[in-house]
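Rule-based calculations on the coordinates, nothing more; no lab input. Fair warning: this is a prediction, and the values are worked out from it, not measured in the lab. Using ideal geometry, Cβ is built from the backbone for each residue, glycine included, and neighbour counts are taken over all protein chains shown.
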Amino acid sequence: MIRIAIQSKGRLSEDSLALMREAGIKIDELKRKFLARAAGFPLEVLYLRDDDIPGVVASGSADLGIVGLNEVAETGADVVVVRNMGFGACRLSLAIPKDQEYTGPKFFEGKRIATSYPNVLSRWLSANGVKADIRKIMGSVEISPAAGIADAIFDIVSSGGTLVSNGLKEVETVLSSEAVLIARHGLEAEKQAILDKMLFRFDAVMESSGKKYILMNIPTDKVSEAVKILPAMRSPTVMPLAAEGWCSLHSVVLESELWDKIERLKALGAEGILVLHLDKVID
Ligand code: PRT
Ligand code: ZN
């Protein structure tokens, strides 16, 4: 049995549970308790506030956790970052009122900076030889310059919309973050084996994200050109069709490149193009 701590309610909860669901690990979300047992996998889920997850894993009260890298950095918890999870992307940035001129890190000398991340900020300030007055605030950091309680803020930014609507501009990105899977040091062999099994499944789910399965009919004399457009995992599958001079071509493409490739394949004479959902990719 292995125990994983995930955020009980917030931005990372749904994606964390969805990943486990996709990996065939079922947790009864309707009866969400403090501690829940998964069905069909030797796993217990501990629901916590994100701030508590790194410490709980470092102390060994949980073996694993899914939490923002920003929280790992802020708590300074001694844990192993096992995987980037591919969701919860954001950054910890410094922002100042938009009408002020930014002159580099020295801008912050003697300034009051509001933040919920005083440790990450103070490391960045020392690395840049700047002495500033850090004001720790737990919520609504972005309103503190307008409220006159700070000159600048250091906060999580994702789209940047919150900064803009508060009359602020981002001037330094200090940490790029996303949700990470963390583990405590020194997992016993039995738990390591369960973790390896989970990672195998997580990797297959993450590998399939942003990809589509594509198949089409194509004139046999165009196959070699089509193969150049579709690199695939090893190489595309080509099968002859009953109709003379035609083949069926199967491959996997990145969703971001899908339409561009379809246009090029059509120009080669591809017909009957099917694009299918890709559930798992096992390398
Ligand atoms: O209750 P608990 O303590 O568990 O939750 P929380 O309120 O502390 O955290 P939560 O659920 O808000 O965020 C959890 C994690 O999601 C963070 O620690 C980050 O790792 C990650 N994350 C990703 C974000 C964002 N994106 C994000 N945009 N966390 C917060 N925000 C905030 C941001 O600070 C801003 O105020 O969302 C607002 C909108 O951002 P913009 O830039 O898109 O406007
Ligand atoms: Zn929190």
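Points to keep in mind about this one:
- Cβ-based exposure ranking for Met239, Met1, in which fewest neighbours within 10 Å come first: Met239, Met1
- Taking a ≥ b ≥ c as the square roots of the eigenvalues of the alpha-carbon gyration tensor, the stretch 154-233 is classed oblate because a/c is 1.5 or more while a/b is no larger than b/c.
- Nearest-ten-degree value, helix 13-22 long axis tilted from longest Cα axis of the chain: 30 degrees
- Applying 1/(1 + (r/R0)^6) with R0 = 25 Å to the Cβ-Cβ distance of Val281 and Val80 gives a FRET efficiency near 0.50.
- For the stretch 3-75, the C-alpha radius of gyration divided by 2.2 N^0.38 Å, with N the number of residues, is 1.03.
- A DSSP coil position with no more than 13 other Cβ atoms inside 10 Å describes none of the trypsin sites (Lys or Arg not before Pro) in the stretch 170-200.
- Cα-based helix-to-principal-axis angle, 189-208 vs the chain, degrees rounded to 10: 70 degrees
- Rounded to 5, the percent of DSSP beta bridges in the stretch 90-177 classed as antiparallel: 65 percent
- In the chain, the DSSP beta bridges split such that about 75 percent are antiparallel, to the nearest 5.
- Counted charge near Trp246, where neighbours are those whose Cβ lies closer than 12 Å (Asp, Glu -1; Lys, Arg +1): -2
- All distinct Cα pairs of the stretch 1-158 go into the 1/r average, and the inverse of that average, the Kirkwood radius, is 17.5 Å.
- Its relative contact order, with pairs defined as Cα atoms under 8 Å and 6+ residues apart, puts the stretch 90-177 at 50 percent.
- Protection proxy ranking of 176-182, 274-280 - average other beta-carbon atoms within 10 Å, highest first: 176-182, 274-280
- Over 25 Å between alpha carbons, listed pairs Lys33/Lys136; Lys33/Lys191; Lys98/Lys136; Lys26/Lys191: Lys33/Lys136
- Each residue, Lys9 and Ser122, gets one label point 7 Å from its Cα in the Cβ direction; the gap between the two is 3.1 nm.
- Length released on extending from Lys111 to Ala242, taking residue separation times 0.36 nm less the Cα-Cα span: 39.6 nm
- Column: log10 I(q)/I(0), Debye, Cα scatterers of the stretch 210-277, q = 0.15, 0.24, 0.26 Å⁻¹: -0.39, -1.03, -1.21
- 28 Å Cα-Cα reach of Lys222 towards lysines, excluding residues that sit fewer than 8 places from it in its own chain: Lys211, Lys212, Lys261, Lys266
- With Cα atoms, 0 to 90° folded angle of helix 258-268 axis to the chain main axis: 20 degrees
- Cα gyration tensor category, rounded, prolate or oblate, for the stretch 74-156 with a/c compared to 1.5: prolate
- Shape of the chain, Cα gyration tensor, a/c cut at 1.5: oblate
- A Förster radius of 45 Å combined with the Cβ-Cβ distance from Met138 to Ala189 puts the calculated FRET efficiency at roughly 0.65.
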